[in-house]
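**Student:** Below is one structure. I have some questions about it.
The values are calculated or read from the model by the stated rules, or taken from the named source; none is laboratory data. Predicted, not measured: the structure shown is a model, and the values here were computed from it. When we count neighbours, we look across all protein chains shown, and the Cβ atoms used for this are built from the backbone with ideal geometry, even at glycine.
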Amino acid sequence: MKFVDEVEIRAEAGDGGSGVVSFRREKYVPDGGPDGGDGGDGGSVYLQADENLNTLIDYQFERFHRAERGTNGQSRNCTGKKGEDLVVKVPVGTRITDVDTQEALGDLTQHGQKIVVAKGGFHGLGNARFKSSTNRAPRQKTLGTPGEVRNLKLELMLLADVGLLGLPNAGKSTFIRSVSAAKPKVADYPFTTLIPNLGVVRPEANKSFVIADIPGLIEGASDGAGLGIRFLKHLERCRVLLHVIDVMPVDGSNPVDNAFAIINELHQYSPKLAEKPRWLVFNKIDLLPEDEAQALCEQIAQELGEEENVYRISAVNKLNTQPLIHDIMALLDSMPKEKFEEIEDEEVEFKWDTYHQKATKNDDDDWDDWDEDDYDVEVVYER
Ligand SMILES: Nc1nc2c(ncn2[C@@H]2O[C@H](COP(=O)(O)OP(=O)(O)OP(=O)(O)O)[C@@H](O)[C@H]2O)c(=O)[nH]1
């Protein structure tokens, strides 16, 4: 299972500076020779892995990355200045592909690893370079070459940092929509149409985390069918759970009973997930006057035996959501980072159950003439 963060950027290296034509002119030196200097090389664009980043989201807002061009040469044999390189930081695990040629340029798998994605142009030559015994006053020079320009696709496998729990209708999707800055792509879902809701939350520039709904926790996913187990394996690596509780369920049910139902299900479903830090998020507090909402949430939290890390929000109105996401970011920053390793897909066992031979073949038949129509092959696979 993969959550893929994907962005396209454009990397433009600097052009090389051109060489110049110039001659030495000094008093009392009548025929000063050529002194036109070379240009400077253009700067290149590099991508470098940085373990402090964990999504590519910043590059959705910042697509163009240009390195400096080299300056032209000058008289008195002065060489132009080399254009400054540009180093673009990306998270460890980023895969880079050239969009136009589909060429894979590489994977950045270690902190600090750096690759050049657009090479700076080469400098042009000044006329001093063309001086020879036969041509003492050359008027030749060359131009700098253009810097490389590439459209790049950056892809990153994401881990969900935060898992959302809650009954249907508690407001999980609304919450993800209201706090997220982008939606990563969900790839690889061959067996299901049940797509988890995902969002990248970006409390400030260069800081982000991934939040994921836990779909089907209640509706029988514990039988292990399809997505349930695979998704759960992925989520077992999230670092905090948010338990979203509807303070005013439309069906008139009791929020405490509802919360206990989720907690029980969680323990049954995945003891590993049940051990994660779990914060209570009371949602839809806009439906009640403030003091009533506060009293009700305190009472429910008390009945659940959870006094710490309790939040009251209205996902629809984005009320109090900012302090919550800042606290999550602070918690995640304080925890050690998990490295991404792709979780192996559940094995599908192929069982060749029936293999009927229709035609009778003699041992001396030529097996190269094997024709699959001669056989009635049935494949049964069991999960
Ligand atoms: N008044 C109010 N309504 C809300 C709030 N948050 C969500 N809702 C409403 O509650 C309903 C359910 O919200 P969803 O976000 O779809 O809930 P969900 O938990 O994702 O539900 P499932 O997708 O069924 O799991 C929608 O009609 C929302 O508009 C809120 O803060 N205040």
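**Student:** Which number in (1) buried (at least 20 other Cβ atoms within 10 Å of the Cβ); (2) under 20 Å from G171 (Cβ atoms); (3) away from the ligand (no atom under 15 Å from the Cβ) marks the one condition that L273 misses?
**Tutor:** Going through (1) buried (at least 20 other Cβ atoms within 10 Å of the Cβ); (2) under 20 Å from G171 (Cβ atoms); (3) away from the ligand (no atom under 15 Å from the Cβ) one by one, L273 breaks only (2).
**Student:** Let me ask another. Yes or no: K82 of a type in the set (K, R) and within 22 Å of A205 (Cβ to Cβ)?
**Tutor:** On the way: of a type in the set (K, R): yes; within 22 Å of A205 (Cβ to Cβ): no.
When the stated conditions are applied, K82 does not pass them.
**Student:** Restricting attention to segment 94-125, report how many residues are surrounded by 21 or more Cβ atoms within 10 Å (Cβ to Cβ) and not β-branched (V, I, T). Steps first, please.
**Tutor:** Restricting attention to segment 94-125, the residues satisfying the condition of being surrounded by 21 or more Cβ atoms within 10 Å (Cβ to Cβ) are 94, 96, 108, 117-118, 120-121, 123-125.
In the following step, the residues that additionally are not β-branched (V, I, T) were identified as 108, 118, 120-121, 123-125.
Summing the residues that are surrounded by 21 or more Cβ atoms within 10 Å (Cβ to Cβ) and not β-branched (V, I, T) in segment 94-125 gives 7.
**Student:** What are the pairs, 6+ residues apart or on separate chains, where a residue within segment 161-180 that is within 7 Å of the ligand (Cβ to nearest atom) and part of a helix (DSSP H, G or I) has its Cβ under 6 Å from a residue that is modelled with pLDDT under 90 and charged (D, E, K, R)?
**Tutor:** Pairs that qualify, where the first residue is within 7 Å of the ligand (Cβ to nearest atom) and part of a helix (DSSP H, G or I) and the partner is modelled with pLDDT under 90 and charged (D, E, K, R), are K172/D213.
**Student:** Shifting gears a bit: Any idea which residue in segment 183-211 is modelled with the highest pLDDT, counting only those that are polar (S, T, N, Q) and in contact with a helix residue (DSSP H, G or I) (Cβ under 6 Å, 6 or more places away or on another chain)? Give the steps one after another, and end with the answer.
**Tutor:** Of all residues in segment 183-211, those polar (S, T, N, Q) come to 192-193, 197, 206, 208.
Add one more test, that the residue is in contact with a helix residue (DSSP H, G or I) (Cβ under 6 Å, 6 or more places away or on another chain), and what stays is 192, 197, 208.
Details: T192: 41, N197: 76, S208: 85.
Looking at the filtered set, the residue picked out is S208.
**Student:** Can you name the condition, by its number, that I214 falls short on among (1) away from the ligand (no atom under 11 Å from the Cβ); (2) at pLDDT below 70; (3) in contact with a helix residue (DSSP H, G or I) (Cβ under 7 Å, 6 or more places away or on another chain); (4) of a type in the set (A, V, I, L, M)?
**Tutor:** Only one criterion is unmet by I214, namely (1).
**Student:** Something else about it: List every residue pair whose Cβ atoms lie under 8 Å apart, where the two residues are 6 or more positions apart in sequence or sit on different chains, the first residue falls within segment 284-300 and is within 19 Å of A259 (Cα to Cα), and the second residue, located anywhere, is within 16 Å of the ligand (Cβ to nearest atom) and of a type in the set (D, E, K, R).
**Tutor:** Every condition considered, the pairs that remain are K284/D246; I285/R312; A293/R312; Q294/R312; C297/R312.
**Student:** Now, a different point. Within segment 122-147, can you find the residues that are under 15 Å from T79 (Cα atoms) and part of a loop (DSSP other than H, G, I, E, B)?
**Tutor:** F122, H123, G124, L125, G126, K141, T142, L143, G144
**Student:** Let me ask something additional. Across segment 233-275, what is the total count of residues that are farther than 15 Å from G163 by Cα and small (G, A, S)?
**Tutor:** 4
**Student:** Please work out if P255 is touching a strand residue (DSSP E or B) at 6+ places or on another chain (Cβ under 9 Å), more than 16 Å from the ligand (Cβ to nearest atom) and touching a residue at least 40 places away in the same chain (Cβ under 8 Å).
**Tutor:** Numbers: touching a strand residue (DSSP E or B) at 6+ places or on another chain (Cβ under 9 Å): yes; more than 16 Å from the ligand (Cβ to nearest atom): no; touching a residue at least 40 places away in the same chain (Cβ under 8 Å): yes.
Considered against the rule, which asks whether it is touching a strand residue (DSSP E or B) at 6+ places or on another chain (Cβ under 9 Å), more than 16 Å from the ligand (Cβ to nearest atom) and touching a residue at least 40 places away in the same chain (Cβ under 8 Å), P255 comes out as no.
**Student:** Continuing with the same structure: Condition test on S180, is it polar (S, T, N, Q) and at pLDDT 60 or above? Break it down stepwise before answering.
**Tutor:** Numbers: polar (S, T, N, Q): yes; at pLDDT 60 or above: yes.
Criteria met by S180.
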